[in-house]
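The structure appears right after this line, and notes come after that.
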Amino acid sequence: MKPYRSLVIALCVAVIGVLGAQWLAQQDPAAMGRVIVRAAGYDYSASLPAAILLVVLAWLLLGVLVWLLRLPFRAWSRYRKRQGRARLLEGLRALQGGDWRRGERLLAAAGTDREAGAVALAAAVRAADGRGDETAAQQWLQALEARDPGAHAVLQGERLLERGLPVDAINALDVAAAQPLPPRGLVLRARALAMIGRAGEAYGLLGALRQQAALPEPELARLEGELAAQQLHEAADANLLAERWEAMPKPLRAEPAVVAAYATRAAALRWNDAALRHLDHALDAQWDESLVDLYGRLPIGHVDSRRASAQRWLQQHPASPALLLALARLAQQQGQWPQAQEFLHRAIAQGASGDAWEELGHGFAAAGDEAQARRAYANALRVARGEPAEELPGRDLREKIHDLAVVEERDDYGLPRLKP
């Protein structure tokens with residue numbers, strides 16, 4: 001497009017020159033003033049408009065001469081640029097197809113291109129990694145660092161993170177010449193910080209990640225939940241735990257994984273009332289099997305009030321295996337093994353995991369029934385391996401399930417009043 005534009009401009013200037021020359025021919029030179037130039041003992045004179053026109057024409061001629069002199073160099077530069085683009089495209093195509101050696105050779109040749117050289121060198125590093133040549137990869141990395149420090153930092157951080165070296169990855173990303181980091185670099189830095197137990201700092205990068213659309217929204221929400229839960233686990237004291245919890249948005253504080261992380265850390269810090277309060281509130285707002293399982297397992301005391309809440313939930317979720325298992329654990333803590341055993345049988349009938357069989361084994365062992373305890377523990381292992389459990393001697397589980405289905409009358413704890 002540029003040659004045509006230059007040609008149009010030249011034609012317009014020529015037309016203006018011709019019109020100017022015709023106008024000057026019709027004017028009286030004596031009335032328009034004269035310009036005299038003296039050089040090497042000679043005097044050159046012309047009317048003022050003619051002198052101006054001559055200067056303009058000389059300038060145009062000089063420009064055309066310079067353009068003609070530069071034309072071969074510009075043609076050669078365009079040829080090299082086309083060659084570089086062709087090598088880059090072919091190299092990327094070879095890289096995509098897994099032809100590492102050919103791709104690396106073409107990309108290394110394209111690395112001399114002024115504009116696309118950084119892209120070619122980064123791809124050459126990946127080609128060298130693909131064929132397992134660390135020496136070549138480091139060579140291209142050094143060339144890339146001199147060409148584009150930001151691209152080098154991101155690529156090196158990604159390589160180190162893939163090799164399980166998060167500290168080295170952070171050091172590579174924090175190089176001053178690479179700042180500010182592009183969106184991909186921020187994602188890598190957040191993940192590296194999380195890997196070394198600095199989820200609080202990683203959580204602080206979420207605003208920039210969301211602003212720059214560094215990740216798809218579902219993936220960003222998943223990362224936010226993971227970092228939120230991890231930073232709660234990492235809270236060193238109750239004050240920091242409360243500060244991080246209150247700083248989170250309300251929808252995030254309703255996520256089961258985040259609530260579980262808060263409750264677990266609060267219980268570890270002996271903040272039992274806060275852990276119980278948030279678990280109760282979360283389960284009242286949104287039912288979740290993993291949270292109710294934690295509700296029964298967490299050593300936070302308040303067994304009577306927890307069991308009362310669990311009995312209330314049982315009316316709304318009578319077929320919840322996690323709730324039945326939680327009730328069994330709470331009944332066991334109250335020293336009510338017969339009721340705990342009945343809850344465990346109901347949980348197993350509803351498809352509970354091997355944890356229910358394990359709790360059953362603990363209960364039998366505490367009651368002194370070693371044979372039944374061994375059978376229950378064996379069933380826990382079978383269920384964990386995906387094998388069917390064996391029925392315990394005595395009353396058939398299918399009879400228990402049948403009784404649970406037909407008996408309507410229940411006691412104060414929600415248990416059926418089974419007939420002898």
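Miscellaneous remarks
- Which numbered condition residue 214 fails, given (1) assigned to a helix (DSSP H, G or I); (2) of a type outside the set (Phe, Trp, Tyr); (3) touching a helix residue (DSSP H, G or I) at 6+ places or on another chain (Cβ under 6 Å); (4) over 29 Å from residue 287 (Cβ atoms): (1)
- The listed residue being within 25 Å of residue 145 (Cβ to Cβ) and among the charged types (D, E, K, R), out of 244, 222, 265, 189: 189
- Any hit, the stretch 244-257, residues being farther than 20 Å from residue 191 by Cβ, surrounded by 18 or more Cβ atoms within 10 Å (Cβ to Cβ) and touching a helix residue (DSSP H, G or I) at 6+ places or on another chain (Cβ under 8 Å): yes
- Some residue of the stretch 137-145 being at pLDDT 90 or above, over 23 Å from residue 89 (Cβ atoms) and either not charged (D, E, K, R) or not in a helix (DSSP H, G or I) (or both): yes
- Filtered residues of the stretch 134-155 (kept if without any contact (Cβ under 8 Å) to a residue 24 or more places away in the chain, surrounded by 16 or more Cβ atoms within 10 Å (Cβ to Cβ) and either of a type in the set (Asp, Glu) or touching a helix residue (DSSP H, G or I) at 6+ places or on another chain (Cβ under 7 Å) (or both)): 137, 141, 145
- Complete set of residues in the stretch 208-227 that are under 14 Å from residue 184 (Cα atoms) and surrounded by fewer than 17 Cβ atoms within 10 Å (Cβ to Cβ): 208, 210, 211, 212, 213, 216, 219, 220
- Residue list for the stretch 85-131, restricted to those being within 20 Å of residue 178 (Cα to Cα), of a type outside the set (Asp, Glu) and assigned to a loop (DSSP other than H, G, I, E, B): 111, 114, 116
- Test: residue in the stretch 109-120 that is closer than 26 Å to residue 210 by Cβ and among the aliphatic types (A, V, I, L, M): no
Conditions (1) closer than 30 Å to residue 112 by Cα; (2) in contact (Cβ under 8 Å) with a residue 60 or more places away in the chain; (3) not in a helix (DSSP H, G or I); (4) not small (Gly, Ala, Ser), marked per residue:
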{"position": "157", "(1), (2), (3), (4)": "yes, no, no, no"}
{"position": "167", "(1), (2), (3), (4)": "no, no, no, yes"}
{"position": "170", "(1), (2), (3), (4)": "yes, no, no, yes"}
{"position": "185", "(1), (2), (3), (4)": "yes, no, no, no"}
{"position": "188", "(1), (2), (3), (4)": "yes, no, no, yes"}
{"position": "192", "(1), (2), (3), (4)": "no, no, no, no"}
{"position": "201", "(1), (2), (3), (4)": "no, no, no, yes"}
{"position": "223", "(1), (2), (3), (4)": "no, no, no, yes"}
{"position": "230", "(1), (2), (3), (4)": "no, no, no, yes"}
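- Residue list for the stretch 103-125, filter: more than 15 Å from residue 90 (Cβ to Cβ) and among the charged types (D, E, K, R): 114, 115
The values are calculated or read from the model by the stated rules, or taken from the named source; none is laboratory data. None of the values given here were measured: they were computed from a predicted structure. Here the Cβ is made from the backbone with ideal geometry for all residues, glycine too, and neighbour counts use every protein chain on show.
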